[in-house]
Amino acid sequence: MGMQVGGNDDDMMMEINTTPLIDVMLVLLIMLIITIPIQTHAVKLDMPVNSPAKPAEKPEIVQIDIGSNNIISWAGTPLADRAALEKNLSEAARKAVQPEFHIRPDKDANYESVALVLASSQRLGVKKIGIVGHEQFIK
């Protein structure tokens with residue numbers, strides 16, 4: 001421990017003996033390490049089970065063309081007006097498996113015609129819709 005050898009007995013030792021403090025701290029640290037349970041770093045997930053019942057059927061693809069003269073065509077057949085477009089869209093939206101709608105606007109078509117098709121599709125509940133044929137806009 002701490003012992004003063006030689007020197008004057010009247011001098012007081014002003015240093016604190018830290019050896020017992022370090023021993024106590026090591027014992028406490030070991031007790032803490034032993035009592036803490038081992039934690040697992042795993043996330044438990046309920047993964048879906050793959051059932052080979054039947055492969056998912058591909059939805060049909062409906063091509064909606066918007067010509068340079070702003071005439072809207074449904075799968076190659078020109079439509080008379082907006083009511084005919086909305087009738088076709090509502091029938092397709094009610095199907096069990098909705099078809100995919102591919103809108104192909106001409107680069108000279110007005111934006112109003114494209115916005116009309118998109119707004120009608122959204123209002124009638126069409127979920128799978130995309131604009132294709134963008135390569136004509138690249139210069």
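The values are calculated or read from the model by the stated rules, or taken from the named source; none is laboratory data. Owing to the predicted nature of the structure, the values given are computational and were not obtained by experimental measurement. Here Cβ is always computed from backbone atoms with ideal geometry, including for glycine, and neighbour counts include all displayed protein chains.
For region 41-61, indicate whether the set of residues that are at pLDDT 80 or above, touching a strand residue (DSSP E or B) at 6+ places or on another chain (Cβ under 7 Å) and of a type in the set (A, V, I, L, M, F, W, C) is non-empty. Yes; the residues of region 41-61 include at least one that is at pLDDT 80 or above, touching a strand residue (DSSP E or B) at 6+ places or on another chain (Cβ under 7 Å) and of a type in the set (A, V, I, L, M, F, W, C). Name every residue in region 53-74 that is under 23 Å from ASP108 (Cα atoms) and either exposed (fewer than 13 other Cβ atoms within 10 Å of the Cβ) or of a type in the set (D, E, K, R) (or both), in order of residue number. Correct list: ASP65, SER68, ASN69. Restricting attention to region 100-119, the residues being under 23 Å from ASP81 (Cβ atoms) and touching a Lys or Arg at 6+ places or on another chain (Cβ under 7 Å) number 2. For region 62-121, name all the residues that are in contact with a strand residue (DSSP E or B) (Cβ under 8 Å, 6 or more places away or on another chain), without any contact (Cβ under 8 Å) to a residue 12 or more places away in the chain and under 15 Å from VAL132 (Cα atoms). Once the filter is applied, which keeps residues that are in contact with a strand residue (DSSP E or B) (Cβ under 8 Å, 6 or more places away or on another chain), without any contact (Cβ under 8 Å) to a residue 12 or more places away in the chain and under 15 Å from VAL132 (Cα atoms), region 62-121 yields only SER73.
Scan region 110-132 for residues that are over 24 Å from GLU91 (Cβ atoms) and outside any helix (DSSP H, G or I) and the total you get is 1.
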